[in-house]
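Some notes on the structure that comes next.
The values are calculated or read from the model by the stated rules, or taken from the named source; none is laboratory data. For clarity, every value in this text was computed on a predicted model and none was experimentally measured. Methodologically, a virtual Cβ is constructed for each residue, glycine included, from the backbone with ideal geometry; neighbour enumeration extends over all protein chains shown.
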Amino acid sequence: MHACSKTISLLFAAVFLYTIASAQQSSLLWKVSGKGLSSPSYLFGTIHMICKDDLHLTPAVTTALQATNTLCLEIDITDPETPRKMKELLLMPEDYSFKSLFDSTSFTELEDYFTNVLHINIEKVDRAKPMLVTSILLRKALPCDQPVSPETELADIAQSQQKKIAALETREQQVQLFDSIPDKTEAAMILSMVRDLKNNGREFHDLVQAYRSQDLDKIYQLTTTAPDLKDYQHLLLFNRNQAWIPKITSMSAQGPVFYAVGAAHLAGAQGLIALLKKQGFVVEPLR
């Protein structure tokens, strides 16, 4: 009887601890402290494009940003050269044709969507890399005319407070990541995205809902189980997380930093939260 009670107690404790761990994942904002840091730094998960009404920079977020010296993003979007450089990086040579990535039936489907829904002549994107076309489609996936970027909103606040702006990688490094994915594979992703949008954009809607709920586990699950992306998780998520950890460790040792990166980078066994804990930091959720 005593052994049975002990077993039940252990099971209850395990369930209780699991519940706490799961609840902790329901936050986009995390405090990073310990390991000799004089002041805490913060991790914040973003979604790169969202309707303004769905963007809630809570008091906890703005207070954390105010308490730091530096805002660190994936790339430095405040550099005035960024728009021009990105435009150059996202265009292919003259002899390239976006159309050539598709069979005639698929291209006709894509062309119809661009013409009738986006009201864009698809010839205008014929030299565009798939990454740029994806960005155009993402804007359409949102049910608002003027989507916003959490990174831009945070950068505006940081600059108004005369904070430094830093980056974990360069524009070139970010574009090269997508360049390493075969064009035909990215073309298949684009076609899949168009078909999802024609079906009311359920996949993207689920991602936005998970973000609004601050459900990191759901964001991670939706991102890593997407059929088109499952073969590129290491390239787009895990390898970058590993590369960012030494930079986060070094920068945080020099003073408090507010890191804002795609929310999918935070969760999972190879996410930034787990990797920072392995380094000996205390990482706690804030709401």
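Any residue at all in region 152-161 that is more than 18 Å from L89 (Cβ to Cβ), of a type in the set (D, E, K, R) and either modelled with pLDDT under 95 or not in a loop (DSSP other than H, G, I, E, B) (or both)? Yes, some residue in region 152-161 is more than 18 Å from L89 (Cβ to Cβ), of a type in the set (D, E, K, R) and either modelled with pLDDT under 95 or not in a loop (DSSP other than H, G, I, E, B) (or both).
All told, Y259 meets the bar of being under 15 Å from the mean Cα position of the chain (by Cα) and closer than 26 Å to T82 by Cα. Can you tell me how many residues within region 217-233 are in contact with a helix residue (DSSP H, G or I) (Cβ under 6 Å, 6 or more places away or on another chain) and either outside any helix (DSSP H, G or I) or over 26 Å from D183 (Cα atoms) (or both)? Result for region 217-233: 2.
So, V194, is that one part of a helix (DSSP H, G or I), exposed (fewer than 15 other Cβ atoms within 10 Å of the Cβ) and among the hydrophobic types (A, V, I, L, M, F, W, C) or not?
no
A single member of K218, K230 is without any contact (Cβ under 8 Å) to a residue 60 or more places away in the chain, more than 23 Å from M131 (Cβ to Cβ) and within 17 Å of the chain's Cα centre (by Cα), and it is K218. Taken as a whole, the condition of being within 25 Å of the chain's Cα centre (by Cα), among the acidic types (D, E) and surrounded by 14 or more Cβ atoms within 10 Å (Cβ to Cβ) does not apply to D156. Taking region 32-44, which residues are under 22 Å from Q162 (Cα atoms) and part of a strand (DSSP E or B)? Listed by number, the residues that qualify are S41, Y42, L43, F44.
Restricting attention to region 108-123 and to residues that are within 28 Å of the chain's Cα centre (by Cα) and part of a loop (DSSP other than H, G, I, E, B), the residue that is nearest to P143 (Cα to Cα) turns out to be H119. Considering (1) in a helix (DSSP H, G or I); (2) touching a helix residue (DSSP H, G or I) at 6+ places or on another chain (Cβ under 8 Å), the lone condition that T78 does not fulfil carries the number (1).
The lone criterion from (1) in contact with an Asp or Glu (Cβ under 7 Å, 6 or more places away or on another chain); (2) surrounded by 14 or more Cβ atoms within 10 Å (Cβ to Cβ); (3) among the polar types (S, T, N, Q) left unmet by S106 is number (1). Selection within region 209-245: residues that are of a type in the set (V, I, T) and crowded, with 19+ Cβ neighbours inside 10 Å. The member of this set that is nearest to A60 (Cα to Cα) is I219. Evaluating L168 against the criteria (1) surrounded by 15 or more Cβ atoms within 10 Å (Cβ to Cβ); (2) within 25 Å of A128 (Cβ to Cβ) leaves one unmet condition, (2).
Considering region 82-101, the residues that are of a type in the set (S, T, Y) and either closer than 30 Å to A155 by Cα or exposed (fewer than 14 other Cβ atoms within 10 Å of the Cβ) (or both) include one that is modelled with the lowest pLDDT, namely T82. For the subset of region 60-75 comprising residues that are in a helix (DSSP H, G or I) and either under 20 Å from L168 (Cβ atoms) or in contact (Cβ under 8 Å) with a residue 12 or more places away in the chain (or both), which member is farthest from the chain's Cα centre (by Cα)? Looking at residues that are in a helix (DSSP H, G or I) and either under 20 Å from L168 (Cβ atoms) or in contact (Cβ under 8 Å) with a residue 12 or more places away in the chain (or both), I get Q66.
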